[in-house]
Amino acid sequence: EEILELYLNQVYLGHNAYGIESAANLYFGKPAADLDLAESAILAGLIRGPELYSPYRNFNGAKLRQIFVLNKLLEHRLADEREAKLASIKSLEFSPKNLKRFGEVAPYFISYVLQQLIDRYGEDMVYHGGLKVFTTLDTTKQSVAEEVITKFVSEEGEKYNFSQAALVSIDPRTGYVNAMVGGVDFFESKFNRVTQAKRQPGSAFKPFVYATAMEQGISPGTIIDDSPTTFNVYPNEWNPDGTWEPKNFDKKFKGAVTLRYALEKSLNIPSVKLLERVGISSAINLARRMGITSHLEPGLALTLGVSELSLLELTSAYGVFANSGIRVEPTAVTRIDNRDGVTIFKHTITEKRALDTNIAAVMIDLMKGVIARGTGVRAQLSRPAAAKTGTTEEFRDAWFIGFVPQLVTGVWVGNDDNSSMKGVAEVAVCPRIWKQYNKEVLQDEPILDFPRPEGLVKVKICQASSKLAGPYCPIEDQRWVTLWKKDVPKESCDKHQAGDEIYEFEVDDEKFYF
């Protein structure tokens, strides 16, 4: 009896709870002396695999273990049939609020890591093999992410009609997943909206099409017509006549615009025209190189984000832009030691060139404009950052994928039942979640800027004419932009009034043209 008592006072029962007394408080919010047969059987069933059979992670598994324990009690005549039957059907009341008191952090991240370990080593090795696992989790970033997601859903979910949100944050230089929030409350819904959910990204897919255009030598200053256009597509149940007339978000048209302006304002028609010009297969190939693995529907609507992706793969792919064109696979585990302290797995960071450095730099410059004066203005930080917003038809999903040189973070908000939100969630909520998170986690980190490779120059152009800005161009039409030297306009703006002749000068080894 003394040995049994000692064992029950020390046995691990999940979620940092050691001993039957701690476990009783963790799971049921009461001392062990007050547990009934049903509750006691739940705890007894945990001993074989406290994480595997935790009712907070796997209720069905916990219930099966409870029934197993009750049957053993019957078999050894430690309970009668009526007692066991009543215990098996009794409704159980758990106390998930106690989890934080027991130090339970990052449940979505932990669940994600556990599944990867089980896939690699099997359940028995994971739960009974004494493995020591080293992860990429940054507990400070994780804590901020959880607080920000909880705050925005509780304070603004009703206003904008959304009940769920998710966030993932990755160091693009290493692929390390620093923070992961797969939903509002893991213990109410274990479905991970970062890794398991696949949703339409909407306009957040457009940068892949624009990057394809840059690869083909198309300049950000290229003029494209934003006007009503009918496209020929393959006939289907939605377009039986084989024609398609996409609309912009606001149902308005801007006329002749630059590609830069079209991306900043997330105009749909120019994006469809651009995809038609560069080729659907070329855009798909580029997205694959950058890390998109989900099925991509080969049609013109691809550029509007109709193919479903996970938040993890989309955020990781944006990391290629942030990392000057280098693809690094995301990872959550850096090392695994066995019970003897021998390292049986060590992660190696593998870099792969996905985009030319110059292409990545131009795309960064384009997406900086999204935050500076486009659909992502509410995400402005006091440091260089770039991003793209996304929303889907009938406002079912809102996205914001943004990055600074050392961190790429993706945010999604919506509803599990696919119901519509109020239409401003894309620009009103997601950018502010992203901003609040980054503002807090980066406050003690150095302000870094994105590198500008050799061969790119910074010039001031007139947005209205796509020529060099002249002395009479309105301030609102003047833009500092990054271009390849070959794409620098040779003429000054003549739409407002002729400007000065072009000339070149350098400041701190940086080339400028007027």
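The values are calculated or read from the model by the stated rules, or taken from the named source; none is laboratory data. The structure displayed is predicted, hence computed values, not measured ones. Positions of Cβ are generated from backbone atoms using ideal geometry, with glycine treated the same way; all protein chains shown enter the neighbour counts.
Gly390 passes every criterion in (1) buried (at least 22 other Cβ atoms within 10 Å of the Cβ); (2) over 28 Å from Pro220 (Cα atoms) apart from (2). For the structure I just gave you, tell me whether Val144 is assigned to a helix (DSSP H, G or I), within 30 Å of Tyr437 (Cα to Cα) and either modelled with pLDDT of 95 or more or among the hydroxyl-bearing types (Ser, Thr, Tyr) (or both). Considered against the rule, which asks whether it is assigned to a helix (DSSP H, G or I), within 30 Å of Tyr437 (Cα to Cα) and either modelled with pLDDT of 95 or more or among the hydroxyl-bearing types (Ser, Thr, Tyr) (or both), Val144 comes out as yes. Close Cβ contacts (under 7 Å, 6 or more residues apart or on different chains) running from residues in the stretch 173-200 that are free of Cβ contacts under 8 Å to residues at least 40 places away in the same chain to residues that are assigned to a strand (DSSP E or B) and not polar (S, T, N, Q) comprise Val184/Ala165.
Residues that are out of contact with any strand residue (DSSP E or B) (no Cβ under 9 Å at 6 or more places or on another chain) and either among the acidic types (Asp, Glu) or within 30 Å of Met125 (Cβ to Cβ) (or both) within the stretch 332-373 comprise Asp340, Val342, Thr348, Asp356, listed in sequence order.
Yes/no matrix, rows are residues, columns are (1) touching a residue at least 24 places away in the same chain (Cβ under 8 Å); (2) within 36 Å of the chain's Cα centre (by Cα); (3) surrounded by fewer than 23 Cβ atoms within 10 Å (Cβ to Cβ):
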{"site": "Asn16", "(1), (2), (3)": "yes, yes, yes"}
{"site": "Gly19", "(1), (2), (3)": "no, no, yes"}
{"site": "Ala23", "(1), (2), (3)": "no, yes, no"}
{"site": "Lys30", "(1), (2), (3)": "no, no, yes"}
{"site": "Ala33", "(1), (2), (3)": "no, no, yes"}
{"site": "Ala38", "(1), (2), (3)": "yes, no, yes"}
{"site": "Gly49", "(1), (2), (3)": "yes, yes, yes"}
{"site": "Tyr56", "(1), (2), (3)": "yes, yes, yes"}
{"site": "Asn60", "(1), (2), (3)": "no, yes, yes"}
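Among the candidates Leu407, Leu468, the residue that is modelled with pLDDT of 95 or more, out of contact with any His (no Cβ under 9 Å at 6 or more places or on another chain) and among the aliphatic types (A, V, I, L, M) is uniquely Leu407.
Taking the stretch 90-105 as the range and being at pLDDT below 90 and of a type in the set (Gly, Ala, Ser) as the test, the residues that pass are Ser95, Gly103. Determine if the stretch 293-300 includes at least one residue that is in the same structural domain as Met214 (by TED's automatic domain parsing), touching a residue at least 60 places away in the same chain (Cβ under 8 Å) and not polar (S, T, N, Q). Yes, that holds for at least one residue. Answer with yes or no whether Ala425 is more than 21 Å from Met214 (Cβ to Cβ), modelled with pLDDT under 80 and either buried (at least 19 other Cβ atoms within 10 Å of the Cβ) or β-branched (Val, Ile, Thr) (or both). Here the answer is yes, as Ala425 does meet what is asked.
Restricting to the stretch 301-326, name every residue that is of a type outside the set (A, V, I, L, M), over 14 Å from Phe208 (Cβ atoms) and either outside the structural domain of Asn192 (by TED's automatic domain parsing) or under 18 Å from the mean Cα position of the chain (by Cα) (or both).
Result: Glu308, Ser310, Asn323.
Residue under question is Glu156, and the condition is that it be among the acidic types (Asp, Glu) and either in the same structural domain as Cys430 (by TED's automatic domain parsing) or modelled with pLDDT of 95 or more (or both); does it hold? Criteria met by Glu156. Scanning the stretch 243-287 for residues that are under 16 Å from Pro220 (Cα atoms), in contact with a helix residue (DSSP H, G or I) (Cβ under 6 Å, 6 or more places away or on another chain) and hydrophobic (A, V, I, L, M, F, W, C) gives Ala262, Leu263, Val272, Leu274, Leu275, Val278. Checking Leu86, Leu74, Leu78 one by one, the residue that is surrounded by fewer than 16 Cβ atoms within 10 Å (Cβ to Cβ) and assigned to a loop (DSSP other than H, G, I, E, B) is Leu78 and no other.
Take Ala372 and tell me if it is closer than 28 Å to Val181 by Cα, out of contact with any Ser or Thr (no Cβ under 7 Å at 6 or more places or on another chain) and assigned by TED's automatic domain parsing to the domain that holds Thr409. Taking the combined requirement at face value, the residue does not satisfy it.
Kindly indicate whether any position in the stretch 393-408 is touching a Lys or Arg at 6+ places or on another chain (Cβ under 9 Å), assigned to a loop (DSSP other than H, G, I, E, B) and farther than 30 Å from Thr174 by Cβ. Checked the stretch 393-408: at least one residue is touching a Lys or Arg at 6+ places or on another chain (Cβ under 9 Å), assigned to a loop (DSSP other than H, G, I, E, B) and farther than 30 Å from Thr174 by Cβ. Mind checking which pairs have a first residue in the stretch 202-231 that is buried (at least 24 other Cβ atoms within 10 Å of the Cβ) and a second that is among the β-branched types (Val, Ile, Thr) and part of a strand (DSSP E or B), Cβ under 6 Å, 6 or more apart or different chains? Going by the 6 Å Cβ cut-off, the qualifying pairs are Gly202/Thr391; Ala204/Ile401. If the condition is being out of contact with any strand residue (DSSP E or B) (no Cβ under 7 Å at 6 or more places or on another chain), part of a helix (DSSP H, G or I), within 30 Å of Tyr112 (Cα to Cα) and not small (Gly, Ala, Ser), then the stretch 10-58 contributes Ile20, Glu21, Asn25, Leu26, Tyr27, Phe28, Glu39, Ile42, Leu43, Leu46.
Filtering Ile280, Ile269, Ile326, Ile292 for residues that are over 30 Å from Thr195 (Cα atoms) and modelled with pLDDT of 95 or more leaves a single hit, Ile269. The numbered conditions (1) touching a helix residue (DSSP H, G or I) at 6+ places or on another chain (Cβ under 7 Å); (2) within 24 Å of Thr350 (Cβ to Cβ) are all true for Arg173 except (1). Scanning the stretch 248-284 for residues that are farther than 21 Å from Thr391 by Cα, assigned to a helix (DSSP H, G or I) and touching a residue at least 40 places away in the same chain (Cβ under 8 Å) yields Glu276, Arg277, Val278, Ser282. Go through the stretch 153-183 and give me each residue that's under 13 Å from Glu313 (Cα atoms) and in a loop (DSSP other than H, G, I, E, B). Correct list: Pro172, Gly175.
If we keep just the residues of the stretch 228-250 that are at pLDDT 90 or above and more than 31 Å from the chain's Cα centre (by Cα), which is farthest from Arg277 (Cα to Cα)? If we take residues in the stretch 228-250 being at pLDDT 90 or above and more than 31 Å from the chain's Cα centre (by Cα), then Pro228 is farthest from Arg277 (Cα to Cα).
Exactly one residue out of Ile269, Ile292, Ile284, Ile280 is over 23 Å from Leu407 (Cβ atoms), of a type in the set (A, V, I, L, M) and within 23 Å of the chain's Cα centre (by Cα): that is Ile284.
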